[in-house]
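Okay, structure first, notes after.
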Amino acid sequence: MTRVGIVLALVAITIRIAGERATELLRYERGVEVWRWATGHLVHSGWAHLGMNLFAGTLIWMLFGKRLTWVALVVAAAGVSAGLYAFSPHVEWYVGFSGVLHGVFAFGAARAVRGGRRFWLGGLVALTTKIALEQWRGALPGVEDAAGAAVIVDAHLYGALAGLLAGLVRPSAR
């Protein structure tokens, strides 16, 4: 999983270096090519946005390293894109990895709980509380300013739901 994370980070950095035209060509956008359901997660609105996602991804890997699999990434990414398409018609376009990260965190915490580490129930409660607050009030204070872009909180919800379901179904790891 470490190699996959490094490759994804390098691809995201390369896309950011390529500039705005690459962002426009690769972002998730309603009504265009389905392959953008995958590439949209690797595109970021700016360096600060990318840095936040890389930092969060590193923390999640440090917490759940051996519990994470490519399944978590694929399911979370598919869950975000499908959720945005099916349930959030107001979202015309989306960039970033935060929805996937919410899914990967939920996946890792669910597998940890299934593996006997009940401590991670608290992590799932915290994640649920964060997402509920976002659904009720919007992005957490300061996050949009730090990222330099609007936060699509629905992506966090769909990613977390997909990751949680995958973590509950996938065999546990100790």
Note to self: Compute, for the chain, the length of the dipole vector about the Cα centre, with Cβ point charges of +1 (Lys, Arg) and -1 (Asp, Glu) only. Units Debye, rounded to 20.
What the structure shows: 1000
Checklist line | Extension gain from Glu33 to Trp70, taking 0.36 nm per residue of separation minus the Cα-Cα distance | finding: 11.0 nm
Next item on the list: Sticking to Cα atoms, compute the Rg of the chain to one decimal and its Dmax as the biggest Cα-Cα distance, whole number, in Å.
Entry: 15.2, 47
Checklist line | Whole-number percent relative contact order across the range 30-174, with pairs defined as alpha carbons under 8 Å at least 6 apart | finding: 37
Check: Considering the zone a paramagnetic label at Leu140 would reach in this model (a point 7 Å from Cα along the Cα-to-Cβ line), which residues of the range 101-118 have amide N under 20 Å from it?
Finding: 101-110
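Values in this text are rule-based calculations from the coordinates and carry no lab data. This is a predicted model, so every value here is computed, not measured. Please note: Cβ atoms are built from the backbone with ideal geometry, for glycine as well, and neighbour counts cover all protein chains shown.
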